[in-house]
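The values are calculated or read from the model by the stated rules, or taken from the named source; none is laboratory data. Note that the coordinates shown come from a computational prediction; the quantities given were computed from them, not determined experimentally. Counting neighbours? That spans all protein chains shown, and the Cβs are built from the backbone with ideal geometry, glycine included. Side chains included, ligands, DNA and RNA excluded: accessible areas come from the protein's heavy atoms. Shrake-Rupley method; radii C 1.70, N 1.55, O 1.52, S 1.80 Å.
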Amino acid sequence: MPEILILNGPNLNLLGEREPEIYGRTTLADIEDMCADTAAEAGLGVRCIQSNHEGGLIDAVHAARHSTIGAIINAGAYTHTSLALHDALKSYDHPIIEVHLSNPHAREAVRHHSYLSPVAAAVIAGAGAQGYVHAVEILIDHLTNAKARL
Ligand code: DQA
């Protein structure tokens, strides 16, 4: 079964407990299950990885380059700081959907810039946990209709 990468960055392992007024009460395990269910409807599997380390995220992208067909990424705060993750994602030759539970543009100025957006086919922000499900649907659409879009 072809797989999509669901990659989550620092502090997202604490979802459900961490600042629930911003990030909601859904846990990362619940989100991963929701993504798996949506992907399975399209005959796809998911590879879910979370790391609190920049290098761990980069290693996960490298490892997925030839073994996954698309990626959903919430890089947490590394979104706003990591040129290295941006560079790694440029080596990933499949569609990438950037996700944020909150809407970083409605928050502090330091969260307004994303190093991921220039390499993302789409960005979903502010839709909470459900944003991940939308991201899977959008990724499937990109994978299915890539040729039609050209
Ligand atoms: C986040 C937004 C980031 O600014 C923040 O550092 C996070 C989570 C989100 O999902 O809303 O850790 O990516």
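Considering only the stretch 35-57, state which residues are open to solvent by less than 30 Å² (accessible area, probe 1.4 Å) and of a type in the set (S, T, N, Q).
Residues of the stretch 35-57 open to solvent by less than 30 Å² (accessible area, probe 1.4 Å): 35, 38-39, 44-45, 51, 56-57.
Correct list: Thr38, Ser51.
Taking the listed residues Ala63, Ala77, the one that is open to solvent by 50 Å² or more (accessible area, probe 1.4 Å) and more than 12 Å from the ligand (Cβ to nearest atom) is Ala63, with no other qualifying. In the stretch 5-34, which residues are within 25 Å of Arg65 (Cβ to Cβ), of a type outside the set (A, V, I, L, M, F, W, C) and either in contact with a Ser or Thr (Cβ under 6 Å, 6 or more places away or on another chain) or open to solvent by 70 Å² or more (accessible area, probe 1.4 Å) (or both)? Asn13 - this is the single residue of the stretch 5-34 that is within 25 Å of Arg65 (Cβ to Cβ), of a type outside the set (A, V, I, L, M, F, W, C) and either in contact with a Ser or Thr (Cβ under 6 Å, 6 or more places away or on another chain) or open to solvent by 70 Å² or more (accessible area, probe 1.4 Å) (or both). Cβ-Cβ contacts under 9 Å between residues 6 or more apart (or on different chains), taken from a first residue in the stretch 104-132 that is closer than 18 Å to Ala39 by Cβ and touching a residue at least 40 places away in the same chain (Cβ under 8 Å) to a second residue that is part of a helix (DSSP H, G or I) and within 10 Å of the ligand (Cβ to nearest atom), are listed as Ala129/Tyr23. In the stretch 80-103, what residues are in contact (Cβ under 8 Å) with a residue 24 or more places away in the chain, under 20 Å from Ile138 (Cα atoms) and within 12 Å of the ligand (Cβ to nearest atom)? The answer is Glu98, Val99, His100, Leu101, Ser102. In this structure, Ala135 does not satisfy being within 11 Å of the chain's Cα centre (by Cα) and either within 10 Å of the ligand (Cβ to nearest atom) or without any contact (Cβ under 8 Å) to a residue 40 or more places away in the chain (or both).
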